[in-house]
Amino acid sequence: MRVMRSLRSNSGSGFVFRPARLSSLRSVFTGCRAVMLPRFGGPEVFELRENVPVPNLNPNEVLVRAKAVSVNPLDCRIRAGYGRSVFEPHLPIIVGRDISGEVAAIGNSVKSLKVGQEVFGALHPTALRGTYTDYGILSEEELTEKPSSVSHVEASAIPFAALTAWRALKSNARITEGQRLLVFGGGGAVGFSAIQLAVASGCHVTASCVGQTKDRILAAGAEQAVDYTAEDIELAVKGNFDAVLDTIGGPETERIGINFLRKGGSYMTLQGEAAALTDKYGFVVGLPLATSLLMKKKIQYQYSHGIDYWWTYMRADPEGLAEIQRLVGAGKLKIPVEKTFPVTDVAAAHEAKEKKQIPGKVVLEF
């Protein structure tokens with residue numbers, strides 16, 4: 001990263017850079033290294049560029065020197081063209097949502113963080129300047145202090161997935177102690193986060209999974225883990241649930257999940273159709289169409305089953321991030337990292353993730 005000015009040290013032995021509270025970065029930070037997406041396509045379209053401009057830092061924003069960023073399924077989908085109605089007019093863009101690193105500078109209104117502090121957090125799904133860069137920019141509410149008990153690699157794998165699960169369980173379903181939760185796809189990052197968040201809230205959890213993640217799910221506190229490749233979940237699972245989180249999506253898991261809910265329960269899917277319909281028909285037609293479809297399903301299932309139906313997405317939630325930080329620090333919330341790549345090998349990381357050569361979480365290191 002290039003620095004336009006330096007401050008002489010008190011010892012007179014040379015020049016040192018002293019990050020400060022700033023309302024604008026333009027006078028200090030001019031450019032940094034970043035993985036750019038110039039067009040949609042396969043992993044090979046990524047370009048690692050030097051001296052990518054660093055935007056002005058708004059009063060509520062924080063500049064984070066990245067140590068590690070995780071590769072989310074959403075990153076791969078955006079690279080391939082998902083959400084093009086949002087991202088295409090702004091190409092080239094930087095993808096990436098999770099980050100763990102060190103505060104390099106803060107805006108004038110930032111109160112909870114300070115320069116030099118180790119932090120982790122995640123950007124909103126529609127953020128145009130992502131985290132695959134030496135220096136990420138996030139709002140104060142999108143970051144919190146990293147617990148010293150976990151590494152930057154471990155921390156970077158957590159926030160986006162855990163905040164997605166938090167919104168589903170706490171904002172949509174409003175789960176409480178003693179309730180029952182069914183998770184489809186409990187071995188994935190969002191599903192595994194949901195299991196741990198629900199267990200920490202005193203809930204009884206059942207999850208579907210593939211065989212190799214079964215022991216991990218049970219060790220995290222789930223009362224039952226059903227390998228859907230070997231068992232019929234409709235026969236293996238007994239009783240009704242207060243909430244169902246479907247991380248897989250599709251007509252079959254929706255049908256099964258809806259039928260497992262008790263009256264007044266909540267079905268939540270990560271596979272909402274807002275982005276797909278907007279991409280297909282544009283904002284003017286696609287967004288109203290998606291809203292109409294969601295409302296139709298909500299009314300349909302409220303009438304036929306007496307349950308709430310949700311499309312759930314990640315969003316910044318300071319309360320949720322604080323709880324996630326507390327649980328991570330206490331060792332009650334973790335997402336195992338299967339493999340790390342240097343950021344220079346971002347194409348290989350995406351290719352391995354997309355071809356499912358690596359079943360678990362992948363992290364890019366700086």
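Values in this text are rule-based calculations from the coordinates and carry no lab data. Because the structure is a prediction, the values reported are computed rather than measured. Glycine also receives a Cβ, built like all others from the backbone with ideal geometry; neighbour counts cover every protein chain displayed.
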Report the rotationally averaged projected area of the stretch 69-122 based on its alpha-carbon convex hull, in square nanometres.
4.9 nm²
If you filter the stretch 182-266 for trypsin sites (Lys or Arg not before Pro), then keep DSSP loop positions with at most 13 other Cβ within 10 Å, what is left?
Lys238
Amide H contacts under 5 Å for Ala207, placed H, 5+ residues apart:
Val183, Gln224, Ala225, Val226
Here, Glu234 and Glu319, labelled 7 Å along Cα→Cβ, have an inter-label distance in nm of 3.8 nm
Long-range HN-HN contacts of Ile93 with modeled amide H, under 5 Å
Leu37
For Lys263 and Lys114 in one chain, what is 0.36 nm times their gap in residues minus the Cα-Cα distance, to one decimal in nm?
48.9 nm
With a/c under 1.5 counting as rounded, go ahead and sort the stretch 100-162 into rounded, prolate or oblate using the C-alpha gyration tensor (a ≥ b ≥ c being the square roots of the eigenvalues; past the cut-off, prolate if a/b is larger than b/c, else oblate).
oblate
For Asp227 and Ser292 in the same chain, what is the full-extension length gain: residue separation times 0.36 nm, less their Cα-Cα distance, in nm?
19.9 nm
Qualifying aspartates and glutamates (Cα of each under 13 Å from Cα of Lys263; at least 8 residues distant if same chain):
Asp242, Asp308
Go ahead and run the numbers for FRET between Glu252 and Asn51, Cβ-Cβ distance against an R0 of 51 Å, rounding to 0.05.
0.55
Among 359-366, 270-277, how do they line up by average Cβ neighbours within 10 Å per residue, starting with the highest?
359-366, 270-277
If amide H atoms are modeled at 1.01 Å from N in the peptide plane, then the residues at a separation of 5 or more from Gly265, or on another chain, having amide H under 5 Å from its own are Asp308
As a test of the definition: which semi-axes, in Å, follow for the chain when you take the square root of five times each eigenvalue of its alpha carbon gyration tensor? Largest first, please.
38, 23, 19
How about the stretch 160-213: which trypsin sites (Lys or Arg not before Pro) there are in a DSSP loop, with at most 14 other Cβ atoms within 10 Å of their Cβ?
Arg174
Report, in whole Å, the centroid distance computed from the Cα atoms of the stretch 94-157 and the stretch 295-332.
23 Å
Anything over 22 Å Cα to Cα? Flag those among Lys67/Lys114; Lys334/Lys355; Lys332/Lys353; Lys67/Lys334; Lys280/Lys353, in the order listed.
Lys334/Lys355; Lys332/Lys353; Lys280/Lys353
Cut-off 15 Å between beta-carbons: net charge of the residues surrounding Gly264, Lys and Arg +1, Asp and Glu -1
+3
Cα-Cα pairs of the stretch 40-148 separated by more than 24 Å (percent):
24 percent
Could you work out Rg/(2.2 N^0.38 Å) for the stretch 279-366, with Rg from alpha carbons only?
1.63
Taking R0 as 25 Å and r as the Cβ-Cβ distance between Ser304 and Arg174, the FRET efficiency 1/(1 + (r/R0)^6), rounded to the nearest 0.05, comes to 0.70
The stretch 163-228 - Debye-derived log10 I(q)/I(0), Cα point model, q = 0.13, 0.16, 0.25 Å⁻¹
-0.28, -0.42, -1.00
If a/c stays under 1.5 just call it rounded; otherwise compare a/b with b/c (prolate if a/b is bigger, oblate if not). Do that for the stretch 173-273, with a ≥ b ≥ c from the square roots of the Cα gyration tensor eigenvalues.
rounded
Pull out a ≥ b ≥ c, the square roots of the eigenvalues of the alpha-carbon gyration tensor of the stretch 195-347, then state rounded if a/c is under 1.5, prolate if not and a/b is larger than b/c, and oblate in the remaining case.
oblate
Subtracting the Cα-Cα distance from 0.36 nm times the residue separation, let me have the gained length for Ala80 to Ala330 in nm, one decimal.
86.3 nm
